[in-house]
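This report concerns only the one structure given below.
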Amino acid sequence: MLRKLFAWLQKYERHLSVLATLGGFGIDQVFFGRIDITRTQVLLAAYTLITFVSILLYHWFEERAQEGKPRPRWRSLLPIITQFMLGGYWSAFFFFYGHSAALPASWPFLLLILVMLIGNEYFAKYHSRLVFASVLYFFALYSYAIFEVPIVVGKMGTAVFLLSSLVAVGAFALFTTLLRVLGHRRFKKDIWRIRVGAFVVLALMGTFYFTNILPPLPLSVKAAGVYHSVWRVPGDYLAAAEPEPWTVRYLGATPTLHVVPNESLYAYTEVFAPTALTTTIVHEWQRYATSTNAWQTVAAVSYPIVGGRDGGYRGYTAKANITPGRYRVNVKTIDGRLIARIPFTVEAAATTTLETIALP
């Protein structure tokens with residue numbers, strides 16, 4: 001019975017690999033919610049541990065085979081398990097990084113994750129190869145550590161990113177040490193390719209971070225807008241806003257605000273952060289200068305936020321004496337990574353029709 005089962009598994013390995021990828025993606029969509037809730041943390045930890053064990057076991061069995069020792073039939077399941085777990089990783093990263101990313105800045109990293117997710121099926125035959133599986137695992141470890149460490153320490157910034165790098169490198173060092181112990185000959189043959197691959201991943205992620213391409217997980221903007229006025233009432237925020245045209249409401253067109261002379265405008269944001277995480281948010285007000293064809297910063301206002309609220313930490317900043325032109329407000333982390341961008345156009349008006357709305 002078992003012999004027939006494992007023969008069937010080998011015959012339909014490609015089809016099972018596809019199901020493994022789809023299964024990992026489906027589980028993520030069902031279980032993932034907030035990045036800091038228990039079920040999300042447990043699932044990501046399970047991906048980490050099971051991938052760790054499956055690659056090591058397969059490597060150990062292949063090493064034993066070179067010594068003339070028998071390999072268990074079920075070893076053929078291990079590359080499929082590895083693919084399933086990595087597929088879960090890629091879909092989780094695309095889900096969370098996608099919610100955190102501002103596309104104008106972060107699209108290269110999201111494209112890379114999307115290629116990993118879609119290509120996971122076509123890489124099926126390579127998951128049994130030590131170098132390929134090990135380098136992919138390091139990339140997954142690093143991407144995981146980048147948002148997990150800030151959740152644990154409750155802070156963000158360059159120092160925390162460097163700590164995340166050390167955690168990922170340390171975990172991978174443990175992984176490669178066990179690889180060497182369990183299969184010295186195979187590991188010795190591949191060690192330099194594994195090291196070069198891991199170094200490329202390390203350099204790539206560092207480049208993404210310091211060029212502000214890497215999305216600022218675990219932060220994400222839940223709501224954002226520019227209004228004529230914003231004020232706080234007990235338990236809520238209200239705003240004075242112009243009626244939105246359907247093109248703005250449903251198609252996402254850039255809104256136009258009509259201002260009277262010497263009027264101020266207000267940028268409002270709701271930024272989600274995990275419980276106990278504290279950091280600083282910056283609203284960078286910019287105006288497009290037609291004389292230089294470039295964006296010029298006209299104001300930058302920062303304020304601290306505290307995580308924990310499902311809808312996000314609510315806050316606003318104001319810019320006085322707004323003149324007609326094209327504007328945008330860049331919502332950034334304190335270390336300069338873009339969380340969201342709010343574009344709008346300002347036109348002069350003698351009067352403006354406004355309505356009071358409750359903000360999310």
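The values are calculated or read from the model by the stated rules, or taken from the named source; none is laboratory data. For clarity, every value in this text was computed on a predicted model and none was experimentally measured. Glycine also receives a Cβ, built like all others from the backbone with ideal geometry; neighbour counts cover every protein chain displayed. What goes into the accessible areas is simple: the full protein's heavy atoms, side chains included, and nothing from ligands, DNA or RNA. Shrake-Rupley method; radii C 1.70, N 1.55, O 1.52, S 1.80 Å.
One decimal place: the segment residue 246-residue 169 gains 22.7 nm when fully extended, by the rule 0.36 nm per residue minus the C-alpha distance. Taking 7 Å steps out from each Cα toward its Cβ at residue 191 and residue 159 produces label points 3.6 nm apart. Globularity index of the range 271-353 is 1.27 (Cα radius of gyration / 2.2 N^0.38 Å, N = number of residues). For residue 348, project a label point 7 Å along Cα to C-beta. Then give me every residue of the range 248-272 with its amide nitrogen under 16 Å of that point. Of the residues in the range 248-272, 257-264 have backbone N under 16 Å from the label point off residue 348. Restricting to Cα pairs below 8 Å that are 6+ residues apart, what does the relative contact order work out to for the chain? Please round to a whole percent. So the answer I get is 17 percent.
Applying 1/(1 + (r/R0)^6) with r as the Cβ-Cβ distance of residue 184 and residue 118 and R0 = 45 angstrom yields a FRET efficiency of 0.80. In the chain, inverting the average of 1/r over every pair of distinct C-alpha atoms gives 23.0 Å as the Kirkwood radius.
Taking all C-alpha pairs of the range 210-271, those more than 20 Å from each other amount to 45 percent. Using the Cβ-Cβ distance between residue 356 and residue 320 with R0 set to 22 Å, the FRET efficiency from 1/(1 + (r/R0)^6) comes to roughly 0.55. Cross-link partners for residue 222 among the aspartates and glutamates, with Cα-Cα distance under 12 Å and sequence neighbours closer than 8 places in the same chain left out: 270, 310.
Measuring between their Cα centroids, the range 143-163 and the range 282-360 lie 27 Å from each other. So for the range 207-343, Kirkwood radius off the Cα pairs, Stokes-Einstein at 4 °C and 1.567 mPa s: how many µm² s⁻¹? Calculated translational D: 81 µm²/s. Look at the dipole of the chain built from charges on Cβ: of 72, 93, 313, the Cα furthest out on the positive end belongs to 72. Seen through its C-alpha gyration tensor, with square-root eigenvalues sorted a ≥ b ≥ c, the range 80-193 comes out oblate because a/c lies at 1.5 or above while a/b is not bigger than b/c. Using protein chains only and a probe of 1.4 angstrom, how many square angstrom of residue 75 are accessible, to the nearest 10? Its accessible surface works out to 40 Å², give or take rounding. Can you figure out the FRET efficiency of residue 204 with residue 262, using R₀ = 51 Å and their beta-carbon distance, to the nearest 0.05? The computed FRET efficiency comes out at 0.55. Here's the list of aspartates and glutamates a cross-link from residue 189 could span, going by alpha-carbon distance under 19 Å and ignoring same-chain residues fewer than 8 apart: 62, 63, 67. Of 87, 311, 68, the residue with the greatest mean-square motion in the GNM of the chain, using alpha carbon springs below 10 Å, is 68.
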